[in-house]
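Here's the structure, in structure tokens; my notes come after.
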Amino acid sequence: MDPASVEGGAATDPNSINKGPSSGVVIASATPPTASQQGVAGESSSSPAPPSRYESQKRRDWNTFLQYLKNHKPPLTLARCSGAHVIEFLKYLDQFGKTKVHITGCPYFGHPNPPAPCSCPLKQAWGSLDALIGRLRAAYEENGGRPESNPFAARAVRIYLREVREGQAKARGIGYEKKKRKRSTVTTTAVGVNVSVVTAPADGGAGSGDGGDDSAGGTAANVGTATAAAVTTTNV
């Protein structure tokens, strides 16, 4: 039998075959890998870093929206999607919400901590919808969409989110306040310099002993220290 047909057809070099000391098993000696081969093996075995939580959530949200367009009646393409369709999508998500939003006729309307349960519907919280739109707006452009035609950045979507925020704030008795901007103060101080000027008496002046005033022989002008502090306040 041809040796090349054994074990997948790999020929064995008779010079690389050694016999064990106490058995008839044939052992083929292997050449140790070089340093470059070990480096390549190390690079191939290292797995890429997993995506962040934000990136994973953004991908799930994007896939959910694409599935919504596919199941829409009639089906919609991404190119024909508008701000109105985005608002429909947000209203569709309300059925999966977990935030109690009291209706106008509810006795707990505007009560932040109602003492008993009520039959008011559960909806998506404004904060969740606002964050969702931010992720979808970024995903749209990352998948080839143009910023000027981004439906998630449409004015109608911004107005809808503002109405949801104000409506939920009244219904739940919770105010959504904007974060206050920090202010930085810059102080500038200018310090003056003391200056003394002395004028020497003229030759043969009145102060030579004939009863003249010694003050006529010299004058001194002192300029006091002036400190000016200018405080400039700028908004960050």
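Structure values in brief
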| read-out | value |
| --- | --- |
| Net length gained if the chain between Arg80 and Ser128 were fully extended (0.36 nm per residue, minus Cα distance) | 14.8 nm |
| Two-site label geometry, Gln57 and Cys106: point separation in nm, points 7 Å out along Cα→Cβ | 2.4 |
| Entries of Lys70/Lys170; Lys58/Lys123; Lys58/Lys91; Lys73/Lys100 with Cα pairs more than 26 Å apart | Lys70/Lys170; Lys73/Lys100 |
| Net +/- balance of residues flanking His72 in space, Cβ distance below 11 Å, scoring K and R +1, D and E -1 | +2 |
| Calculated FRET efficiency for the pair Tyr92/Asn113, C-beta based, R₀ 35 Å, to 0.05 | 0.75 |
| For a label point 7 Å along the Cα-to-beta-carbon line of Thr99, residues of segment 121-141 with backbone N under 13 Å | 122-133 |
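Every read-out reported here was derived from the displayed coordinates using simple, explicitly stated rules and does not represent laboratory data. Quick caveat: nothing in here was measured; it's all calculated off a predicted structure. Counting neighbours? That spans all protein chains shown, and the Cβs are built from the backbone with ideal geometry, glycine included.
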